[in-house]
Structure formats: structure tokens, C-alpha cells
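Data first, discussion second: the structure below is written as C-alpha cells.
Just so you know, all these numbers are worked out from the coordinates, no wet-lab data involved. Remember, it's a predicted structure, so these values are computed and weren't measured experimentally. Here Cβ is always computed from backbone atoms with ideal geometry, including for glycine, and neighbour counts include all displayed protein chains.
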Amino acid sequence: MVLDYQEESNVKLIPTKIMCDKCEDIIDVLDFDEEAVHFEHTFGFGSKNDGTLIRFDLCESCLFDLLDNGNVNYELIDTTPY
Ligand SMILES: [Zn+2]
């Protein structure tokens with residue numbers, strides 16, 4: 001019978017609140033009303049930003065504002081199984 005647990009260093013931390021880096025709204029990830037999108041990319045060899053990591057989080061509204069106002073062509077694909 002286990003009576004107690006000790007947290008070890010390899011425990012994965014899962015974010016529960018995320019701040020949108022555009023509008024600064026706080027998104028409660030466990031609430032399911034709105035999602036946040038995490039973007040992270042490291043530029044590769046030969047790029048103007050070689051070796052630089054860029055990352056940010058956007059709420060769902062700001063993501064589509066950015067895409068629509070920036071005239072970004074994107075696909076929306078319904079992946080729900082029903
Ligand atoms: Zn936002």
C-alpha cells in the first residue's frame with residue numbers, strides 16, 4: 001500500500017493557464033471554452049535567424065485575427081470523427 005508520493009524531476013508539467021501573447025487574456029486550458037495555440041520553431045542553418053528559437057502562445061481569437069488580417073492562406077480541416 002502506497003502511503004505517500006514524492007515528486008521526481010522527470011514529472012511532466014502540463015500547463016493549465018496560458019496567457020495570449022497578443023491580447024494578454026488568460027486561457028484556462030481545463031475550461032474547454034477557448035483553446036490556446038503554442039507555436040515554437042528553431043530556425044535552421046543558413047536562415048537569417050540561424051539557431052534562433054521563436055515561440056509564442058495565442059488565444060483562438062487572436063490566431064484567426066492574425067491569419068485573416070495577414071492574408072495568410074490556411075486550411076481548416078474537420079477532424080471530428082462524427
Ligand atoms: Zn488573444
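Quick rundown of the values:
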{"item": "DSSP loop trypsin sites (Lys or Arg not before Pro) with at most 10 other Cβ within 10 Å excluded, longest remaining stretch of the chain", "result": "13-47"}
{"item": "Residue range of the chain that is longest and free of GluC sites (Glu not before Pro) which are both DSSP loop and sparsely packed (at most 12 other C-beta within 10 Å)", "result": "25-74"}
{"item": "When the convex hull of its Cα atoms is projected in every direction, mean area for the range 17-69 (nm²)", "result": "4.5"}
{"item": "Full-stretch length increase - T80, I26 - with 0.36 nm per residue and alpha-carbon distance subtracted", "result": "16.8 nm"}
{"item": "Rounded FRET efficiency, nearest 0.05, which uses the C-beta distance separating S9 from D65 and R0 of 35 Å", "result": "0.35"}
{"item": "D50 versus D33: modelled label distance in nm, points set 7 Å from Cα along the beta carbon direction", "result": "4.8"}
